[in-house]
1. In angstroms, what radius of gyration and Dmax does region 86-167 have, counting Cα atoms only?
2. How would you rank 130-141, 74-85, highest first, on the average number of other Cβ atoms within 10 Å across their residues?
3. Of LYS65/LYS135; LYS59/LYS99; LYS19/LYS91, which pairs sit farther than 30 Å apart, going by alpha carbon to alpha carbon?
4. Taking the Cβ of each residue in LYS10, LYS15 as the centre, tally the other Cβ atoms inside 10 Å and list the residues starting with the fewest.
5. Beta carbons within 10 angstrom, averaged per residue: use that to sort the peptides 41-52, 61-72, highest first.
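We did not get these values from a lab; they are worked out from the coordinates using the rules stated. Just so we're clear, the structure is a prediction, and the values are computed from it rather than from any experiment. Cβ: placed from backbone, ideal geometry, glycine included. Neighbour counts: every protein chain shown.
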Amino acid sequence: MSDDKLFNIKPVDNKIEVKENKRQTVSVYNRIKNFKYADLPAECNQCVYRSIDDGGNGKCSVYEKDAVCAIRDDIKGFLTELDTRNPEDLKQMLDFLSKQAFENVMMAFAQAKMDGNVPDRNTQSQTNTLINLVKLMSEVSNKITVTETKEYSKEGDLVNIFRELKARKSS
């Protein structure tokens, strides 16, 4: 019917159906070249740039339903190692890496304590790595549980401590 650029108007069974043309109503700053500045979610299903059929504006060229974002730099590094965009595989990898990073942070803090409680660059770097992994884990899985096991000697001294981070998708 009309040649309106903001709305797609077409007749359907003696009625007129009007749909918003999201390609025209979305800001020019929300284009694919500006994705590196955008605040993208970890999963494609939650993104505003997903396909028009799924409720987005259709700007993302790498959109896949039920997949993790392939544009975000922090996720892109993991995806090259995994060769899949399945969120469950990414969660397993992040779970393993966060356990390793946590062990490295605990060893770095123990070393810093022996050096007179002066943290060095390695300790700060390990801590930042762990924080970034946990942040990404929380975005992908929505829930993180921390379990802690402590073992004491007969005298009451702490002998062993074990902490575990697990990501679970909230239902």
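1. According to the Cα coordinates of region 86-167, Rg and Dmax are 14.8, 49 Å.
2. Packing order, densest peptide first, comes out as 130-141, 74-85.
3. LYS59/LYS99; LYS19/LYS91
4. The fewest-first ordering by Cβ neighbours comes to LYS15, LYS10.
5. Ranking the peptides 41-52, 61-72 by packing returns 41-52, 61-72.
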